[in-house]
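First the structure, in the form of structure tokens, and then the observations on it.
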Amino acid sequence: MGRTIPLELAGPQEIEVDGALVARGLGLPPAEFQRLMDDRKVTVLCERGIGEDAGLYRATFYYDGRRVRLVVDADGNVVHR
């Protein structure tokens, strides 16, 4: 049997990022990006940093074979694109 990996689950936390930045990264006008988000056509994966990355979040937005990945702090400030 393999080694176990502890998972820490936390309640939902809201982090807001600049939608225009994400839209631009996906090659979309902001209004189109918002419509696609509302229609759940854009998917998002958000990962929480641990260890030296504690307090940071990696948000990856996917649409039509494209992706935009941002590393942000808890206030949604972009640390790395």
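In table form, for the structure just shown:
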quantity	calculated
Separation in nanometres of the label points that stand 7 Å from Cα toward Cβ, at LEU21 and ILE50	2.6 nm
Choice from ARG67, ARG48, ARG35 showing the highest fluctuation, given a GNM over the chain with Cα pairs closer than 10 Å	ARG35
Residue among GLY55, GLY27, GLY65 with the largest mean-square fluctuation in a Gaussian network model of the chain, springs linking Cα atoms under 10 Å	GLY65
Computed magnitude of the charge dipole of the chain (debye, nearest 20; Cβ of K, R +1, Cβ of D, E -1)	420 debye
For the chain, with +1 on Lys and Arg beta carbons and -1 on Asp and Glu, the positive-most of VAL22, TYR63, PHE33 along the dipole	TYR63
Of (i) 16, 45, 26, 10, 2, 0; (ii) 19, 53, 19, 7, 2; (iii) 16, 29, 20, 14, 13, 8, 1, the label for P(r) over Cα pairs in 10 Å bins from 0, in percent derived from the coordinates	(i)
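Here, each number is a calculation from the coordinates, and none is a lab measurement. Keep in mind that this is a model prediction, so the values were computed, not measured. With ideal geometry, Cβ positions are generated from the backbone for all residues, glycine too; neighbour counts draw on all protein chains shown.
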